[in-house]
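Notes for the one structure printed next.
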Amino acid sequence: MSGRLADHTIEQNWQDYSEAEHAVWRLLFERQQQLLKRRACREYLQGLRGLGVAAHGIPDFGRLSDILDRATGWRIVAVPGLVPDDVFFAFLAARRFPSTCFIRTRDQLDYLQEPDVFHDICGHVPMLMNPVFGDYMQAYGEGGLKALHLGHLGHLARLYWYTVEFGLIATPEGLRIYGSGILSSAGESVYCLEDPRPHRLRFDLRRVMRTEYHIDRYQETYFVIDDFAQLFAATRPDFAPIYREIAALRDVPAAAILSEDREFKGFRGRKKEGPRVSTARV
Ligand code: PHE
Ligand code: FE
């Protein structure tokens, strides 16, 4: 790792976590296990199993990195919190996933705006065990450095938001979750699949990069991919001309629907206008 990157890392100091902190992890972990069994995508559940990520407590990043490294060449680095954009992208481009170390307190179990170690490790790291997704994250890092340079970070950040953090995937068994922001949230992991209110739209790169988002509430719109190969293929082209194209178009509010949108039909809840009343509200 280059000096610039190394300067932003800290030691996890795993031995310093208290028993109370490990207990918060276990609480969160067990609750998500129950919820995600039938809601998370196969790739996530496989990744989690492959990591053997600790139902027992906050994992040691070094041990986790060794397993992850063998699978896809990714490693986890400990950071104090948010790092500058260029540093964040450079980490991803080097297949280093920056993770926070602190864990939320017992009275913050359901709601937290900033990432903590549960979100970073339990939400993101299992997906990095998947080779295609791992390559996507690295490509995103490289794309981030480029977007910074071109002045289009705002557009690219929406892609991260609506895929890496809040993405849904259509599978033969039904709609499943792959976005880490959902995977680490008990409330949203039910809401995103079962609540009739949010829109679930077929993934479209330009539409995603035009769509605003809120960081302080459940999503009003989710984008559904068919598989990770589709996501990887859609994001492979040079974004420079695409940025110019969408810069000429209006941004789309988070809850809006456009005439050309393709709604994903097969979600588990009942439709708003359907004859049956939803029982899926959370
Ligand atoms: N293809 C993008 C570009 O040229 C880079 C990228 C890849 C961005 C994958 C996001 C995800 O900027
Ligand atoms: Fe995250």
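For the range 207-220, filtered to residues that are of a type outside the set (A, V, I, L, M) and touching a residue at least 40 places away in the same chain (Cβ under 8 Å), the residue that is farthest from ligand 1 (Cβ to nearest atom) is Asp216. When the test is whether a residue is at pLDDT below 95 and under 21 Å from Asn130 (Cα atoms), Glu165 does not pass it.
Remark: pairs (first residue in the range 231-248, part of a helix (DSSP H, G or I); second residue within 16 Å of ligand 2 (Cβ to nearest atom) and of a type outside the set (A, V, I, L, M, F, W, C); Cβ separation under 7 Å; 6+ apart in sequence or on different chains) = Leu231/Tyr136; Leu231/Thr163; Phe232/Tyr136. Scanning the range 176-210 for residues that are within 16 Å of ligand 2 (Cβ to nearest atom) and either among the polar types (S, T, N, Q) or farther than 19 Å from Cys122 by Cβ (or both) returns Ser180, Ser184, Ser185, Ser189. Note on the range 137-163: residues that are touching a Ser or Thr at 6+ places or on another chain (Cβ under 8 Å), open to solvent by 10 Å² or more (accessible area, probe 1.4 Å) and near ligand 1 (Cβ under 9 Å from one of its atoms) total 3.
The set of residues from the range 159-174 being within 14 Å of ligand 2 (Cβ to nearest atom) and either in a helix (DSSP H, G or I) or in contact with a Lys or Arg (Cβ under 7 Å, 6 or more places away or on another chain) (or both) comprises Leu159, Tyr160, Trp161, Tyr162, Thr163, Val164, Glu165. Ala186 meets the conditions (1) open to solvent by 20 Å² or more (accessible area, probe 1.4 Å); (2) farther than 23 Å from Leu92 by Cβ in every case but one. The failed one is (1). The condition (being touching a helix residue (DSSP H, G or I) at 6+ places or on another chain (Cβ under 9 Å) and within 16 Å of ligand 2 (Cβ to nearest atom)) is satisfied by just one residue among Tyr243, Tyr213: Tyr213.
The set of residues in the range 95-109 being away from ligand 2 (no atom under 11 Å from the Cβ) and either among the basic types (Lys, Arg) or out of contact with any Lys or Arg (no Cβ under 9 Å at 6 or more places or on another chain) (or both) consists of Arg95, Arg96, Cys101, Phe102, Ile103, Arg104, Thr105, Arg106, Asp107, Gln108. Inside the range 175-209, residues that are polar (S, T, N, Q) and part of a loop (DSSP other than H, G, I, E, B) make up a count of 2.
The values are calculated or read from the model by the stated rules, or taken from the named source; none is laboratory data. All values derive from a computational prediction rather than experimental measurement. Every residue, glycine as well, gets a Cβ built from its backbone with ideal geometry; the counts of neighbours run over all protein chains shown. Protein only, heavy atoms only, side chains kept; ligands, DNA and RNA dropped before computing areas. Shrake-Rupley method; radii C 1.70, N 1.55, O 1.52, S 1.80 Å.
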